[in-house]
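The structure appears right after this line, and notes come after that.
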Amino acid sequence: MLRQSFRLLYLSLSINAWGASAAPGAPAGVYLGFSGQTATVDPRHHRTVYFPDSGNVGGLWRSLDAGNTWIQVDASDNFLSVTVDPTKSSIVYASTSGLGGYQVLKSIDGGASFSPKSIGLPGGETANMGFLQVNPQRSNVLYLGTEGSAVFKSTDAAETWFPIKLGFGDTHYDLAISGLVMDPESPDTLYAATAFHSVYKTSTGGR
């Protein structure tokens, strides 16, 4: 018998498509939105979980009890991804979607408020995907995978950003990052998947 390994904690529904705004048996306090990217667990406090909703309602949602209940901590933007500083849980970074280009937000109070930190990021392009990674050994170093401009890096805790070279091609499909992961034991090693079904690797942090 196949053992059930996952339990429903957050259900994302299209109200217009499905004609429903709630799911039978959903845990009390779970918000039912439209769509989202990935949940993020605080590396220092494992019962704290963040969920970015990039759908009709949007916002950033947080659970302090391992996903049993949720509250919306920010409703101002459509959030694409979120990551937590591995050395200080009060510092949270998020990327948001929109027509004016990419925006990274930073919170120093656990998501209660955010400030824009987007100097150097591409403007004027639709942002539907954004993947954030933070170096667990040097938390001032961050990476952002974008939909049309490949990967950007910050070495000053998101104050400024610059593009890094991984040998990407020149087409939109080569520059559209569909996934970005970091080796936790060797954080200068990153893998970037593209919409062209390719995977690029750097072992030097993009240098």
* Restricting segment 64-78 to residues that are assigned to a loop (DSSP other than H, G, I, E, B) and either among the aliphatic types (A, V, I, L, M) or in contact with a Cys (Cβ under 9 Å, 6 or more places away or on another chain) (or both), the residue that is surrounded by the most Cβ atoms within 10 Å (Cβ to Cβ) -> LEU64
* Structure fact -> All conditions in (1) modelled with pLDDT under 90; (2) of a type outside the set (A, V, I, L, M); (3) surrounded by fewer than 22 Cβ atoms within 10 Å (Cβ to Cβ) are true of THR87 except (1)
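Residue-wise test of (1) of a type in the set (D, E, K, R); (2) closer than 15 Å to GLU147 by Cα; (3) touching a helix residue (DSSP H, G or I) at 6+ places or on another chain (Cβ under 8 Å); (4) in a strand (DSSP E or B).
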residue: LEU80; (1), (2), (3), (4): no, yes, no, yes
residue: THR83; (1), (2), (3), (4): no, no, no, yes
residue: ALA94; (1), (2), (3), (4): no, no, no, yes
residue: ASP109; (1), (2), (3), (4): yes, no, no, no
* Among residues belonging to segment 66-94 that are of a type in the set (S, T, N, Q) and under 17 Å from SER139 (Cβ atoms), point out the one that is farthest from the chain's Cα centre (by Cα). => THR87
* Asked: In segment 105-152, which residues are β-branched (Val, Ile, Thr), modelled with pLDDT of 90 or more and buried (at least 16 other Cβ atoms within 10 Å of the Cβ)?
  -> VAL134, VAL141
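The values are calculated or read from the model by the stated rules, or taken from the named source; none is laboratory data. Quantities reported herein were computed from a predicted structural model and do not represent experimental measurements. Backbone-built Cβ (ideal geometry, glycine too); neighbour counts: all protein chains shown.
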